[in-house]
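Reviewing the structure listed below.
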Amino acid sequence: MKGVLETQEMHSPALESNPLGDPARRQLLVYLPPGYTEGARRYPAVYFLNAFSNSGKSWTNFSAFSVSVPERLDALIASGAIPPVIGVFPDGWTSLGGSQWVNSDAIGRYRDFLAKDVVGFVDRTYRTLPKPAARAVVGHSSGGYGALVMGRYHPEIFSHLSAQSPDAYFEYCYLPDLPKAATALLKAGGVEAWYQDFIQRARETKARGDDFTVINVLAMAAAYSPKKGEPLNLELPFDAQTGRLRLDVWNRWLVHDPVRFAPKFVDAFRKQKTVFIDCGTRDEFNLRWGARMIAEDLKTGGVEVLHEEFEDGHTGVNYRFERSLAVIGPRLVLE
């Protein structure tokens with residue numbers, strides 16, 4: 001038997017009047033396990049956070065010779081590796097490509113969107129078990145970062161988290177891209193000029209080779225160093241003319257680095273019943289090292305952490321969700 005994937009529409013008060021003008025009404029994909037329609041049983045729920053440049057619909061994308069995450073849920077449930085669960089795929093897309101699942105004056109309140117609006121809608125609409133021990137939050141890359149954000153702020157909502165290849169140790173994963181972004185922005189004549197040209201090209205022709213790097217830097221600045229009145233309401237961590245690192249702004253980024261915040265909020269992470277962290281040994285964004293640092297610091301703080309590495313890079317690794325869900329599934333409360 002296979003589960004059913006439903007598409008809902010929900011309104012998010014948290015996203016009303018967000019600075020980017022992105023819609024407060026969002027699609028929500030929900031996976032219902034086999035047998036859901038046949039009784040009154042309640043189910044634990046797993047929340048899947050999309051990575052940067054993706055949306056909730058990305059989880060169902062066709063990939064040649066592979067399977068989607070909902071199909072992996074079918075297989076895991078059928079094999080008995082995990083109990084039947086409800087899978088929730090919220091839409092974290094923004095006009096800058098993503099939100100990092102944080103509340104930001106430049107992007108909107110995406111942490112509240114997930115923790116309050118999405119969870120509340122799912123609990124009202126479906127037969128969930130509305131308790132932290134029956135909820136897990138998982139994600140890869142920026143989605144993995146978002147899972148750590150939820151662990152930091154919302155242990156009263158989620159008791160299980162999986163951060164897979166999460167953005168961490170910003171010196172390694174972001175700093176190398178700053179001079180590349182500085183070059184493109186200087187050539188374009190600034191943030192707004194580059195962004196408008198990028199949007200037009202993306203719709204009418206195609207993106208350039210450096211576009212992902214630049215839009216990623218702008219999105220991270222919007223998440224970590226918002227500033228009203230600046231172009232796109234964000235402050236860059238480097239000087240636009242010289243490329244010199246602006247330490248006052250860069251330090252605002254570092255406050256959001258999981259390598260920095262995980263040890264400070266170790267009490268919140270101790271409340272987790274499951275903390276799973278993994279990363280590929282050939283991750284192109286150097287995320288292996290941040291994952292190692294977070295795992296070590298949390299373990300030192302008394303958190304039970306399962307940390308793993310695997311031989312692969314950053315992309316095309318959704319097969320790793322089979323491993324993380326197999327760890328989380330047996331720990332979910334079922335009644």
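Extending 7 Å from the Cα toward the beta-carbon at both THR315 and LYS116 defines two label points whose distance is 3.6 nm. Rounded to the nearest 10 degrees, the angle from helix 191-204 to the longest Cα principal axis of the chain is 60 degrees. Extent of the chain along its three principal axes (Cα atoms, max minus min coordinate, largest first): 63, 45, 39 Å. In this calculation the C-beta distance from GLU71 to ARG246 is compared with R0 = 51 Å, giving a FRET efficiency of 0.65. With respect to the chain, whose longest principal axis is taken over its alpha-carbon atoms, helix 287-300 is tilted by about 60°.
Dipole size in debye (nearest 20) for the range 244-315 around its Cα centre, Lys and Arg Cβ +1, Asp and Glu Cβ -1?
Details: 12 positive and 13 negative charges, 100 e Å.
About 480 debye.
Phi angles of the range 77-88 translate, via the Karplus equation with coefficients 6.51, -1.76, 1.60 and θ = phi - 60°, into HN-Hα couplings of 5, 4, 7, x, 5, 9, x, x, 10, 8, x, 10 Hz per residue; Gly and Pro are given as x. In degrees between 0 and 90, to the nearest 10, how far off the longest principal axis of the chain does helix 142-153 point, with axes built from Cα atoms? It is inclined by approximately 70 degrees. Within 11 Å, Cβ to Cβ, of TYR31, how many net charges do the neighbouring residues add up to if Lys/Arg are +1 and Asp/Glu are -1? Neighbourhood net charge equals -1. The calculated FRET efficiency for the pair LEU306 and ASP105, based on their C-beta separation and a Förster distance of 45 Å, comes to about 0.80. The charge dipole of the range 4-83, taken about the Cα centre with unit charges on the Cβ atoms of Lys, Arg (+1) and Asp, Glu (-1), comes to about 120 debye, rounded to the nearest 20. Of the Cα atoms belonging to the range 33-110, the radius of gyration and Dmax stand at 15.4, 45 Å. Springs join every pair of Cα atoms under 10 Å in this Gaussian network model of the chain, and among VAL88, VAL303, VAL317 the largest mean-square fluctuation is at VAL317. The lysine pair count for the chain, using Cα distances under 16 Å and pairs eight or more places apart or on different chains, is 6. Taking all protein chains together and rolling a 1.4 Å probe, SER55 ends up with roughly 20 Å² accessible.
Compactness ratio of the range 153-292: Cα Rg over 2.2 N^0.38 Å, N = residue count? Please list the in-between numbers first.
Values: Rg = 17.1 Å, N = 140, 2.2 N^0.38 = 14.4 Å.
For the range 153-292, the normalised Cα radius of gyration comes out at 1.19.
Mind jotting down the distance between the C-alpha centroids of the range 1-53 and the range 296-335, whole Å? Answer, in whole Å: 22.
Please compute the Kirkwood hydrodynamic radius over the range 150-202, one decimal place, Å, based on all pairs of different Cα atoms. Kindly include the intermediate steps, with their values, before the conclusion.
Working: mean 1/r = 0.0698 Å⁻¹.
Roughly 14.3 Å, rounded to one decimal.
Within the accessible area of the chain, the carbon and sulfur atoms contribute 50%, probe 1.4 Å, all protein chains present.
Were the residues from GLN196 through ALA78 laid out at 0.36 nm apart, the gain over their Cα-Cα distance would be 37.7 nm.
The values are calculated or read from the model by the stated rules, or taken from the named source; none is laboratory data. Remember, predicted model here, so these are calculated numbers, not experimental data. Counting neighbours? That spans all protein chains shown, and the Cβs are built from the backbone with ideal geometry, glycine included. When the accessible area is computed, the model is the full protein with side chains, heavy atoms only, and any ligands, DNA or RNA have been set aside. Shrake-Rupley method; radii C 1.70, N 1.55, O 1.52, S 1.80 Å.
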